[in-house]
Amino acid sequence: MSNRTDDARKRAQTARQILTVAQMRAAEQGLMDAGHDVHALMQRAGRGAGEWVRRLAAGRSVTVLCGPGNNGGDGYVIAQYLADHDVPVCVVAARPPQTDAARRARSLFAGEVREAGAALSQEGLPRGGVLVDCLFGSGLSRPLSDDLAALLGDLAAHHAMRVAVDLPSGVDADTGALLNEGLPEWTLTLALGAWKPAHFMMPACVTMGAVRLVDIGVEAMPGAAQVLARPVIAAPAPDAHKYRRGLLGIVAGAMPGATLLSAQAALRGGAGYVRLLTGGEAPSGVPAELVVSRGALPDLLADGRYGALLVGPGLGRDDAARAKLDVALASGLPLVIDADALVLLQPGLAGVNGLATRACVLTPHEGEMQVLEHNFGLSGEGDRPARAVALARASGAHVLLKGPCSVIAAPDGSVTMGSRASSWLSVAGSGDVLAGTVASRLAVTRDAGAAAAQALWLHSRAAERAGSAFTSGELAHAIGGALAEVLA
Ligand SMILES: NC(=O)C1=CN([C@@H]2O[C@H](COP(=O)(O)OP(=O)(O)OC[C@H]3O[C@@H](n4cnc5c(N)ncnc54)[C@H](OP(=O)(O)O)[C@@H]3O)[C@@H](O)[C@H]2O)[C@@H](O)CC1
Ligand SMILES: Nc1ncnc2c1ncn2[C@@H]1O[C@H](COP(=O)(O)OP(=O)(O)O)[C@@H](O)[C@H]1O
Ligand SMILES: [K+]
């Protein structure tokens, strides 16, 4: 492989890593050890961010708000970059620079700097096209003081567009918490060097607008969380047949609607054959493409060709539901466990110990997650990625923790974070659609991590394709179009 291809692949990998503040400091130290200095990194970061701001400003005036740390230092580099490109720019220094790199960056900025404070009345504050927030980045250690929060709020209110550099000031980088009330909304947020957890966590991520990464050459950090990637999915092999493509069994339960929604999605998620496994009559409204197999579940599963099973949507929580879950667990098949089946799942059940030895995905929403944490004796402490990892470790299954920002955790502790999905997904049945999609991908891939990641992406993309005010049935139908977009 050529060096250039190798390099491009490495950069594509590092472009997806999400680093905590501690990991970012370690990465920065790695760059120092490799002979870079903070000044050079700041120049690279500031110029990269400056180019984004220049394009957004399109000739309008820019105000850069600089704080005391290296985030402020980036701001002076951005301001000089803009001045070099004939963009009218003014710096407001909220606090004087406190680091060597920030002091040096300020000394290299030849333009106008207004010192914030009593001397700078509200009338003296610049108003313009674009505000660039370089007040605080990853070094924020406490809420903004009242004067800084007021300054930020005032400037934000008087600029048509607002760009946050690295992180919006007032956001905790590791948790996505907002440390102040009434923080501004941003048009664009430019992550420097690597993504931070806050870029993918509520509530911070909804304030950030579009998010983009500025590369400064940070190396791959082992164990870092990753951003969910757009998948590449292969078309069926030329000699494929329906079983080889993947036979999925969906365990029917008390409420047929949820099961059928899952099936509608599964039929479009790539599996070659989807069967509804029912002990009773076929529910009404079964689409022609969905094969209904009737009989006792153990007998139905005696067919050795199943690639995966889905149990949970519409299952119910009675004894009959428990019995079906037991059979599904005992089958040893790759499994997606959702909805009611999650609530019934207990570490003591036969077959639960075997989850680690097969491909298995649990797909809880927040309420189901809390029940699982209780049943598995977990504390539920920490942020969502940490909680998902704790459950994945305890259960041996992959965990897809759903929400506006969904997280996938593997039993080995690795974490994948999804970008914010359409809030139109907050409609009854959209979780059933996700479960059906995961199960369909599991029947094809037999790989829990791949199935969860592919399905999460397809679900989110299907919501974009479905637009607004869609029903979960329409969402299920949009899964096929999303899949078509990512065919290899
Ligand atoms: N990592 C890299 O490779 C690169 C990183 N780069 C950039 O560096 C940024 C991180 O820089 P940083 O560590 O200097 O932190 P930053 O956010 O500027 O502020 C810290 C200062 O603020 C202070 N302070 C904190 N909270 C406060 C508050 N509420 N109110 C008042 N003061 C408060 C705190 O002092 P404290 O009082 O906590 O001791 C400290 O003095 C990062 O986001 C990125 O933009 C790039 O240049 C390229 C390479
Ligand atoms: N506000 C939101 N923004 C983005 N995605 C959301 C939002 N609310 C819910 N979702 C997604 O919609 C799905 C809802 O699943 P779930 O709560 O199980 O619903 P149901 O049980 O009705 O099927 C999940 O994939 C979740 O990530
Ligand atoms: K900032």
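Please report the net charge: other residues with Cβ closer than 14 Å to the Cβ of A237, K and R +1, D and E -1. Don't skip to the end; give the middle numbers.
On the way: positive: K242, R244, R245; negative: D239.
Computed value for this residue: +2.
Relative to the longest principal axis of the chain, what angle (0 to 90°, nearest 10) does the C-alpha long axis of helix 448-466 take?
With rounding to tens, the tilt is 70 degrees.
Would you mind checking the tilt of helix 384-395 against the longest principal axis of the Cα atoms of the chain, expressed as 0 to 90 degrees and rounded to 10?
Orientation of helix 384-395: about 30 degrees from the principal axis.
Ordered by packing density, taken as the mean number of other Cβ atoms within 10 Å over each peptide's residues, highest first, how do 84-90, 461-467, 231-237 rank?
Working: 84-90: 17.0, 461-467: 19.7, 231-237: 13.3.
Ranked from most to least packed, the peptides come out as 461-467, 84-90, 231-237.
Restricting to bridges with both residues inside the chain, how much of the DSSP beta-bridge set is antiparallel, in percent to the nearest 5?
Working: 9 of 60 bridges.
If I count the DSSP bridges inside the chain, around 15 percent turn out antiparallel.
What whole number of Å gives the distance from the Cα centroid of the range 1-80 to the Cα centroid of the range 371-438?
Cα centres, the range 371-438 to the range 1-80: 31 Å.
So what's the range 346-417 giving for Cα Rg divided by 2.2 N^0.38 Å, two decimals?
Relative to the 2.2 N^0.38 Å estimate, the range 346-417 comes out at 0.99.
Under unit Cβ charges (Lys, Arg +1; Asp, Glu -1), what dipole magnitude, rounded to 20 debye, does the range 265-402 have relative to its Cα centre? All intermediate terms of the calculation are to be shown ahead of the outcome.
Numbers: 12 positive and 14 negative charges, 70 e Å.
The dipole of the range 265-402 has a size of about 340 debye.
Cα extents of the range 242-485 along the three principal axes, largest first, in whole Å?
Answer, in whole Å and largest first: 45, 43, 31 Å.
Stokes-Einstein D for the chain at 25 °C, 0.890 mPa s, Kirkwood Rh over Cα pairs, in µm²/s?
Values: Rh = 24.3 Å.
It comes out at roughly 101 µm²/s.
Report the charge-dipole magnitude of the range 332-465 in Debye, nearest 20, computed about the Cα centre from +1 at each Lys and Arg Cβ and -1 at each Asp and Glu Cβ.
Roughly 340 debye for the range 332-465.
Do you know the relative contact order of the chain, to the nearest whole percent, from alpha carbon pairs under 8 angstrom that are 6+ apart?
13 percent
Give me the dipole magnitude in Debye, nearest 20, for the chain about the Cα centre, with unit charges on the beta carbon: positive for Lys and Arg, negative for Asp and Glu.
Approximately 1100 debye in magnitude.
Which of the GluC sites (Glu not before Pro) across the range 108-203 are loop residues per DSSP, with 11 or fewer other Cβ within 10 Å?
E181
Taking +1 at the Cβ of each Lys and Arg and -1 at the Cβ of each Asp and Glu, which of M417, L344, A258 sits farthest along the dipole of the range 242-485 towards its positive end, judged by Cα position relative to the Cα centre?
M417
Would you mind putting 64-71, 261-268, 39-46 in packing order, based on average other-beta-carbon counts within 10 Å, highest first?
Averaged packing, sorted descending, gives the order 261-268, 64-71, 39-46.
Mind pulling the angle between the C-alpha long axis of helix 256-268 and the longest principal axis of the chain? Nearest 10 degrees, somewhere in 0 to 90.
70 degrees
Could you work out how far the C-alpha centroid of the range 81-118 sits from that of the range 263-308, in angstrom?
65 Å
So for the range 242-485, averaging the separation of alpha carbon pairs under 8 Å that are six or more residues apart and normalising by length, what relative contact order in percent results?
Relative contact order for the range 242-485 comes out at 22 percent.
Projected onto the charge dipole of the range 163-223 (+1 at Lys/Arg Cβ, -1 at Asp/Glu Cβ, origin at the Cα centre), which of L190, N180, P168 gives the Cα projection farthest towards the positive end?
So the residue we want is L190.
Near K242, which lysines are there with a Cα under 30 Å away, not counting those fewer than 8 places off in the same chain?
Within the straight-line cut-off, K242 pairs with K324.
Spelling out what I want: for every residue of the range 237-245, take phi, set θ = phi - 60°, compute 6.51 cos²θ - 1.76 cosθ + 1.60 (Karplus), and round to whole Hz; glycine and proline get x.
After applying 6.51 cos²θ - 1.76 cosθ + 1.60, I find 4, x, 9, 5, 10, 4, 6, 5, 5 Hz.
Once you place label points 7 Å from the Cα toward the Cβ at Y243 and R230, how far apart are they in nm?
3.7 nm
On the principal axes of its Cα set, how long, how wide and how thick is the range 3-224? Give whole Å, largest value first.
So the extents along the principal axes, rounded to whole Å, are 54, 36, 31.
Just so you know, all these numbers are worked out from the coordinates, no wet-lab data involved. The structure presented is a predicted model; accordingly, all values stated were derived computationally and were not measured. Quick reminder, even Gly has a Cβ in these numbers, built from the backbone with ideal geometry, and neighbours come from all protein chains shown.
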